[in-house]
Every structure is written in C-alpha cells, then in structure tokens.
Amino acid sequence: MDPMFMSLPNIDPAEIMFLQNITKEMSDDDKKKFFLIYQSRRRDPQMMLLLTLLGFVGVAGIHRMMQGELGLGIVYLFTAGLCFIGTIIDIFNYKKLVNDYNQRVAAECLQMMKMF
C-alpha cells in the first residue's frame, strides 16, 4: 500500500485500490505529482455528508455544487432538496456520489499528467 494515499482523510479501501491501480505504472515522481493534484481536488466523504445534511436546514444542494453538478445543486436549492426527497436519497448514497466524483477527478488528473 502506498503511504501517500493512506494519508488522505477518510479514504476507504475501494478508493485506495482504484488509485493504486491507475498509478501502478507511474514513477515515484509522477505519483507524487499526481497525489498533489488529486489531493487538492478530492472530496472528503464526511464533509460531503455534512454538506448534504445542510439541506435539512434550508441550504440544500451545496453538496451537489461541490461535486460539479451546478444545475442540480441550484434545483435542490430552490426546491428544498426536491422537497427533501432528493436530500434524503443523497444521505444514503453520499459515499457512492463522492466515489464517483473522486474517480472522475482522478481521471482528469491523469489527463493533466499526460499533458506535461
């Protein structure tokens, strides 16, 4: 296991395996560059859960905006999380939402690494 990835807050085993798989052929210097880029753009699952819970106090959709889903975030904001139903669903699915977002970010980081 790469100790760099273990230092990420609240990282789960599935994310570690995914990151190790996509960086297995990189040199140590490239892994460090990738890690720095990924670390700055990655979303922490617990933070996203807290942002999702804000939907119950009138600020729904912030978690969706933080994941790059601006349109859906605005819809949540103006509809009280689609009458709280969308917010409740997102509370149960927050780990999947964050993992999907982090995998997209990892793919973008790989593309950025290839450009330089």
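Laboratory data are not the source of any read-out in this text; all were calculated from the coordinates shown. What you are looking at is a predicted structure, and each value in this text was computed from that prediction instead of being measured. FYI the Cβ positions are ideal-geometry reconstructions off the backbone, even for glycines, and counts take in every protein chain you see.
Could you tell me whether residue 51 is farther than 16 Å from residue 2 by Cβ and within 15 Å of the chain's Cα centre (by Cα)? Yes, satisfied. Residue count for segment 1-16 satisfying the condition of being exposed (fewer than 15 other Cβ atoms within 10 Å of the Cβ) and more than 20 Å from residue 94 (Cβ to Cβ): 5.
Inside segment 78-99, residues that are within 26 Å of residue 40 (Cβ to Cβ) and either in contact (Cβ under 8 Å) with a residue 12 or more places away in the chain or polar (S, T, N, Q) (or both) make up a count of 7. Looking across 80, 107, one residue alone is surrounded by fewer than 18 Cβ atoms within 10 Å (Cβ to Cβ) and within 21 Å of residue 10 (Cα to Cα). It is 107. Within segment 60-77, being assigned to a helix (DSSP H, G or I) and in contact (Cβ under 8 Å) with a residue 24 or more places away in the chain holds for 63, 64. Look at segment 15-31: where a residue is touching a residue at least 40 places away in the same chain (Cβ under 8 Å), no partner that is loosely packed, with under 10 Cβ neighbours inside 10 Å and outside any helix (DSSP H, G or I) sits 6+ places away or on another chain with Cβ atoms under 8 Å.
When segment 48-59 is filtered for residues that are assigned to a helix (DSSP H, G or I), surrounded by fewer than 15 Cβ atoms within 10 Å (Cβ to Cβ) and of a type outside the set (Phe, Trp, Tyr), the ones remaining, listed by number, are 50, 57.
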